[in-house]
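Q: Let me give you the structure first, and then I'll get to my questions.
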Amino acid sequence: MQLVKAIQLQKVQSVLRPLYNIKLVGVIFGCIWLAFVGFLIRYSLSWEKIFFVISAGIHWIVSAVAVGVYIYHMSLLREVNNSDNVVETQRKLARLEASSLQIGRILLVQLPVFVSFQMTPLCLPHRNA
């Protein structure tokens with residue numbers, strides 16, 4: 001019986017390991033991306049680039065949330081094993097799937113931000129009073 005449980009646990013881990021590795025790569029590249037965008041924001045702080053700074057700031061916040069959720073996914077993947085009962089394992093996998101769908105929606109929210117990168121204060125209409 002122990003041998004069957006060990007084989008099942010090995011099968012589960014072999015199925016989930018590629019997903020864990022993808023999340024790990026996402027966290028690594030996400031941290032590098034956050035550092036790069038933070039660098040751009042830091043050295044673009046001026047009135048002429050205010051729309052770029054705001055857009056990049058929103059993008060940075062959403063990306064930071066995504067990296068945080070990826071770390072959460074990695075912890076969920078580490079918790080999944082066959083020592084739990086089937087219902088608890090299914091609950092963990094359902095949480096992981098729901099969270100993955102939610103972060104996909106959140107990442108889509110930042111798409112309109114890319115449109116405003118090139119705007120300047122000169123694009124705004126001037127009112128002569």
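Readers should treat all values here as calculations from the given coordinates under stated rules, not as data from a laboratory. These figures come from a predicted structure and were not determined experimentally. Using ideal geometry, Cβ is built from the backbone for each residue, glycine included, and neighbour counts are taken over all protein chains shown.
Q: Residue by residue, what Karplus-based ³J(HN,Hα) values in Hz, rounded to whole numbers, does region 21-27 have, using 6.51, -1.76 and 1.60 with θ = phi - 60° and x for Gly and Pro?
A: 5, 5, 5, 5, 4, x, 5
Q: Assigning unit charges at the beta carbon (Lys, Arg +1; Asp, Glu -1) and nothing else, what dipole magnitude in debye, to the nearest 20, does region 20-112 show about its Cα centre?
A: So the magnitude is around 80 debye.
Q: Now for a separate question. Determine the shape class of region 20-112: with a ≥ b ≥ c the square roots of the Cα gyration tensor eigenvalues, call it rounded for a/c under 1.5, and otherwise prolate if a/b is greater than b/c, oblate otherwise.
A: prolate
Q: Give me the one-decimal nm value for the distance between modelled label points at Ser44 and Cys123, 7 Å along each residue's Cα-to-Cβ direction.
A: That separation, rounded to one decimal, is 1.1 nm.
Q: In whole Hz, with x marking every Gly and Pro, tabulate ³J(HN,Hα) for region 109-119 from phi via Karplus 6.51 cos²θ - 1.76 cosθ + 1.60, θ = phi - 60°.
A: 4, 7, 4, x, 5, 5, 6, 8, 4, 8, 6
Q: Can you compute 3J(HN,Hα) from phi for each residue in region 91-105, using the Karplus curve 6.51 cos²θ - 1.76 cosθ + 1.60 with θ = phi - 60°, rounded to whole Hz and x for Gly and Pro?
A: 5, 5, 5, 5, 4, 5, 5, 5, 5, 5, 5, 5, 5, x, 5
Q: I need the calculated FRET efficiency for the pair Val65 and Asn85, taking r as the beta carbon distance and R₀ as 30 Å, to the nearest 0.05.
A: Once rounded, the FRET efficiency stands at 0.40.
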